[in-house]
Amino acid sequence: MNTILEIQNLKKYFSSQKAVDDISFSIEKGSIFGLLGPNGAGKTTLIRMITGIFYPDAGTILLNGKKFDPVKDVIDIGYMPEERGLYKKMKVGEQAMYLAQLKGLSKQEAFTKVKFWFERFEMGSWWNKKVEDLSKGMGQKLQFVTTVLHEPKLVILDEPFSGLDPVNSNLIKDEIYNLAQKGTTIIFSTHRMEQVEEICDHIVLVNKGNKILDGSVKEVKQQFKQHIFNAELNKLPAALQHPSFNIVKQNGNNLTLKINEGYQSNDILLHFINQQSIIVAYHEILPSLNEIFIRLVEGTPTSRQFQTVTA
């Protein structure tokens, strides 16, 4: 894959506060990229610089290998903010048409695109509804449509599932996958780690304006693993204890084990086999992104420090 977006040593200050402090990362075309961090971490400031709303105090933003021009390049970006960015008194159809034409579509192109997405999302009956009459979930669907209908190369979604029921969450999720498969790059910002773990290819975690983690979801989970395994046996062996592991949890014949230093998972398997136990299931338990998130954010030192995960 080729790089679509490069953030190089980006800085942004508000008075004496460092909102973004020398952050760098890159995003590959067609990927689903997770931008994570607690409240006040600097995520929104980063997004606003990427979209040209804020100018950085230092550093460079490259889009498709060229210096980002907020005036010219914004047409290639679709941004769905966490706050509802819609005109409450406008009708839904008029709102979608207006925003589509702001993104450079002709009136006929806008109508065709809006009609396609309204049918796809079963929003046809909303055309003459006022935006202020929409529920939060309905407003989220409308915002998503107005974000992607001009077919931007880079889509930025800030908490896109907020207010959505499970059915509509899956609808938006499927469309995120479809867009990525067609080559659109997605930046996905959220507090919900289970969603990140499910759909993102690569993540960056920021805290207090600094980047503290950068890597693929798979690589990150591998780096922070604690060598804990689950073993389900047909029966417990006569000699359950062994120097290769400690039992973290036991539920009948189901054991959660932590491998001791100097041993490997095969040593545990060999012990159970030698004890004439049949191994029904055996797998490693990797930490969730939520566990990693909490661990890093709560343990972040005051000095700037980050980790880049490599394969």
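The values are calculated or read from the model by the stated rules, or taken from the named source; none is laboratory data. Treat the numbers as computed from the prediction; the structure is a model and nothing was measured. Note that each Cβ is placed from the backbone with ideal geometry, even for glycine, and that neighbours are counted across all protein chains shown.
Pairs under 7 Å by beta carbon, first residue farther than 12 Å from residue 142 by Cβ and basic (Lys, Arg) in region 83-101, partner at pLDDT 90 or above and outside any helix (DSSP H, G or I), six or more apart or different chains?
89/130
So which residues in region 133-142 are among the polar types (S, T, N, Q) and crowded, with 20+ Cβ neighbours inside 10 Å, if there are any at all? Lay out the reasoning, then the answer.
Looking only at region 133-142, we keep the residues that are among the polar types (S, T, N, Q), and these are 135, 140.
Of everything in region 133-142, just one residue is among the polar types (S, T, N, Q) and crowded, with 20+ Cβ neighbours inside 10 Å, namely 140.
Could you check, for region 278-290, whether at least one of its residues is over 37 Å from the mean Cα position of the chain (by Cα) and assigned to a loop (DSSP other than H, G, I, E, B)? Give the steps one after another, and end with the answer.
To start, the set of residues in region 278-290 that are over 37 Å from the mean Cα position of the chain (by Cα) comprises 278.
Within this subset, residues satisfying the condition of being assigned to a loop (DSSP other than H, G, I, E, B) are 278.
For region 278-290, residues over 37 Å from the mean Cα position of the chain (by Cα) and assigned to a loop (DSSP other than H, G, I, E, B): present.
Tell me, which residue of region 116-132 that is in a helix (DSSP H, G or I) and surrounded by 15 or more Cβ atoms within 10 Å (Cβ to Cβ) is nearest to the chain's Cα centre (by Cα)?
Our first condition is that a residue be in a helix (DSSP H, G or I); within region 116-132, this holds for 116-120, 124-126, 131-132.
From what is left, the residues that are surrounded by 15 or more Cβ atoms within 10 Å (Cβ to Cβ) are 117-118, 126, 131.
On the way: 117: 24, 118: 26, 126: 30, 131: 28 Å.
Among those that are in a helix (DSSP H, G or I) and surrounded by 15 or more Cβ atoms within 10 Å (Cβ to Cβ), it is 117.
Under the condition of being in a strand (DSSP E or B) and surrounded by fewer than 16 Cβ atoms within 10 Å (Cβ to Cβ), which residue from region 9-19 is modelled with the lowest pLDDT? Lay out the reasoning, then the answer.
Going through region 9-19, the residues in a strand (DSSP E or B) turn out to be 9-14, 17-19.
Remaining after also requiring surrounded by fewer than 16 Cβ atoms within 10 Å (Cβ to Cβ): 9, 13-14, 17.
Details: 9: 95, 13: 91, 14: 89, 17: 83.
Once the filter is applied, the top-ranked residue is 17.
Residue check: is residue 129 in contact (Cβ under 8 Å) with a residue 40 or more places away in the chain, of a type outside the set (S, T, N, Q) and more than 19 Å from residue 158 (Cβ to Cβ)? Give the steps one after another, and end with the answer.
Numbers: in contact (Cβ under 8 Å) with a residue 40 or more places away in the chain: no; of a type outside the set (S, T, N, Q): yes; more than 19 Å from residue 158 (Cβ to Cβ): yes.
So residue 129 does not fit the description; no.
What number of residues within region 248-263 are in contact with a Ser or Thr (Cβ under 8 Å, 6 or more places away or on another chain) and in a loop (DSSP other than H, G, I, E, B)?
In the first step, residues of region 248-263 are kept if they are in contact with a Ser or Thr (Cβ under 8 Å, 6 or more places away or on another chain); the result is 248-250, 259-260, 263.
Then keep just the ones that are in a loop (DSSP other than H, G, I, E, B); that gives 260, 263.
Number satisfying all stated conditions: 2.
Determine if region 22-38 includes at least one residue that is out of contact with any strand residue (DSSP E or B) (no Cβ under 6 Å at 6 or more places or on another chain), without any contact (Cβ under 8 Å) to a residue 40 or more places away in the chain and surrounded by 15 or more Cβ atoms within 10 Å (Cβ to Cβ).
No, region 22-38 has no match at all.
Does residue 22 fit the bill of being farther than 14 Å from residue 153 by Cβ and outside any loop (DSSP other than H, G, I, E, B)? Even if it seems obvious, please write down each step before you answer.
Working: farther than 14 Å from residue 153 by Cβ: yes; outside any loop (DSSP other than H, G, I, E, B): yes.
It is true that residue 22 is farther than 14 Å from residue 153 by Cβ and outside any loop (DSSP other than H, G, I, E, B).
Just name the residue that is nearest to residue 116 (Cα to Cα) out of those in region 91-105 that are touching a Lys or Arg at 6+ places or on another chain (Cβ under 7 Å) and of a type in the set (A, V, I, L, M, F, W, C). It would help to see each step written out before you state the result.
Of all residues in region 91-105, those touching a Lys or Arg at 6+ places or on another chain (Cβ under 7 Å) come to 91-92, 100-101, 105.
With the extra rule that they be of a type in the set (A, V, I, L, M, F, W, C), the set shrinks to 92, 100, 105.
On the way: 92: 15, 100: 13, 105: 14 Å.
Among those residues, the one meeting the criterion is 100.
Within region 51-92, track down each residue that is part of a strand (DSSP E or B), of a type in the set (D, E, K, R) and either within 23 Å of the chain's Cα centre (by Cα) or under 21 Å from residue 20 (Cβ atoms) (or both).
Step one: filter region 51-92 for residues part of a strand (DSSP E or B), giving 58-63, 66-67, 77-80, 91.
Now restrict to residues that are of a type in the set (D, E, K, R): 66-67, 91.
Listed by number, the list holds a single entry, 67.
Looking only at region 216-250, which residues are touching a Lys or Arg at 6+ places or on another chain (Cβ under 9 Å) and either exposed (fewer than 14 other Cβ atoms within 10 Å of the Cβ) or small (Gly, Ala, Ser) (or both)?
Selection gives 226, 246, 247.
Would you point out which residue out of 207, 234 is within 30 Å of residue 166 (Cα to Cα) and of a type outside the set (Val, Ile, Thr)? Step through it out loud before you land on a result.
Numbers: 234 fails: within 30 Å of residue 166 (Cα to Cα).
Selected residue: 207, the only one of 207, 234 that is within 30 Å of residue 166 (Cα to Cα) and of a type outside the set (Val, Ile, Thr).
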